[in-house]
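Input: a single structure, listed below in structure tokens.
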Amino acid sequence: MNLKCNGRNLFTQTREMASASLLLPLGPTLAKKLSTNHRRVPKIQIEGSRRQSSVTEGLKALENQDDCPFIKRRILISISGFGLLNLVAGLSFAEAAGLPPEEKPKLCDDTCEKELENVPMVTTESGLQYKDIKVGGGPSPPVGFQVAANYVAMVPSGQVFDSSLEKGQFYIFRVGSGQVIKGLDEGILTMKAGGKRRLYIPGPLAFPKGLASAPGRPRVAANSPVVFDVSLEYIPGLEDDE
């Protein structure tokens with residue numbers, strides 16, 4: 001059976017209508033019909049609150065093209081439905097793209113950031129720099145002792161690439177034993193339990209090999225500076241003896 005409509009194969013015309021349905025998100029009104037000798041399927045275009053009504057009008061316009069009796073309403077519904085799925089997907093992507101970045105837990109909030117501007121910077125012989133957010137009231141950890149700490153690790157722009165707060169548990173390691181990067185080891189050794197500190201760690205004391213990027217996480221280049229906000233929560237064993 002050779003299904004033709006005005007000299008064109010039915011499937012060719014159906015394919016053209018499917019292409020037109022993909023134009024749904026691109027404009028506010030129905031395109032005007034061309035002359036009788038050069039009829040084409042109108043492009044259904046949608047904008048703002050008129051999206052749904054424009055789709056309905058577009059379906060009616062397609063149905064009114066009675067010069068092709070083989071195109072039934074089920075084909076129109078199928079084509080328009082396909083276009084609507086593309087519209088919904090496009091709108092969801094646009095809305096997601098417009099959302100603010102996810103707020104990550106911090107050790108230093110906006111008030112803390114302002115206060116840090118007036119805190120003097122301390123620079124050590126190794127090149128490590130730090131500012132005390134809060135000076136603790138407990139003991140400082142001896143080399144080789146375990147410490148329980150929280151940390152938020154950032155690149156200089158402020159993007160977080162690692163955080164114990166997101167993992168929901170303290171980070172426990174043996175301080176001064178090379179279990180962490182050199183800048184973190186040195187920075188915690190002079191802290192007191194209960195204190196918080198911002199460490200500005202230069203490249204040589206950070207990650208020699210760098211860190212690869214991950215979803216939602218920035219890449220850390222090899223030997224690049226990083227910033228750590230650290231809180232020394234407690235020193236297991238040492239505080240228990242007091």
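Overview of values
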| quantity | calculated |
| --- | --- |
| Cα-Cα over 21 Å, subset of 134/209; 134/167; 104/196 | 134/209; 134/167 |
| Distance between modelled label sites at residue 189 and residue 114, nm, 7 Å Cα→Cβ extension | 3.7 |
| Apportionment of accessible area to carbon and sulfur, the range 170-242, percent (1.4 Å) | 54 |
| Surface accessible to a 1.4 Å probe, residue 171 within the full protein complex, Å² | 80 |
| Cα-based equivalent ellipsoid, the range 117-242: semi-axes from gyration tensor eigenvalues, Å | 23, 16, 14 |
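The values are calculated or read from the model by the stated rules, or taken from the named source; none is laboratory data. What you see is a predicted model; the values in this text were computed from it and never measured. Cβ sites come from the backbone with ideal geometry, for glycine too, and all protein chains shown count toward neighbours. Remember, those area values only see protein heavy atoms, side chains included, never the ligands or the DNA or RNA. Shrake-Rupley method; radii C 1.70, N 1.55, O 1.52, S 1.80 Å.
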